[in-house]
Amino acid sequence: MTAQQLPEPIREFIDATNAGESDRFVAAFTNDAYLNDWGREFRGHDGIREWDRTDNIGKRSHFEVVDVARDGESDRYTVTVDVTGDGFNGRGPIEFLIRDGRIAEVRIS
């Protein structure tokens, strides 16, 4: 699977981050979304917006997709990205669960 074949919600996660569009970023998530960033937990749109402000767009993050892997036939994907910005810089995996056309879960570790 290539970056061009990313599921639409994951593409929105990447594109909204790179464009610095927080409302668009949050809209890619389900209302009850869960995000775990190295053990720090965020829930729902309010939690996602907080993480975005403190760790993502608020840090001017920029993602370049390196690899995409789907977990069998499930709606789980691991996307390896190169990250630059004013926060974390480097390469790492982000795990996504898609439900009903939106991101239901994100795990960064």
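Against the list (1) basic (Lys, Arg); (2) surrounded by fewer than 17 Cβ atoms within 10 Å (Cβ to Cβ); (3) touching a helix residue (DSSP H, G or I) at 6+ places or on another chain (Cβ under 9 Å), the condition ARG43 fails is (3). The set of residues in the range 71-102 being in contact with a strand residue (DSSP E or B) (Cβ under 6 Å, 6 or more places away or on another chain) and at pLDDT below 95 is empty. Taken over the range 11-32, the criterion of being among the β-branched types (Val, Ile, Thr) and over 10 Å from ARG102 (Cβ atoms) is satisfied by ILE14, THR17, VAL26. For PHE25, the stated conditions do not hold, so it cannot be described as free of Cβ contacts under 8 Å to residues at least 40 places away in the same chain, in a strand (DSSP E or B) and in contact with a helix residue (DSSP H, G or I) (Cβ under 9 Å, 6 or more places away or on another chain). Among the residues of the range 3-25, those identified as loosely packed, with under 14 Cβ neighbours inside 10 Å and closer than 19 Å to HIS45 by Cβ are GLU8, ALA19, ASP23.
Give the residues of the range 87-107 that are touching a residue at least 40 places away in the same chain (Cβ under 8 Å), touching a Ser or Thr at 6+ places or on another chain (Cβ under 8 Å) and not β-branched (Val, Ile, Thr), sorted by residue number. Answer for the range 87-107, where residues must be touching a residue at least 40 places away in the same chain (Cβ under 8 Å), touching a Ser or Thr at 6+ places or on another chain (Cβ under 8 Å) and not β-branched (Val, Ile, Thr): PHE96, ARG99, ASP100, ARG102, ALA104.
The values are calculated or read from the model by the stated rules, or taken from the named source; none is laboratory data. Since we're looking at a predicted model, the values are computed, not measured. Neighbour counts are summed over all protein chains in view; Cβ atoms, including those assigned to glycine, are modelled from backbone coordinates with ideal geometry.
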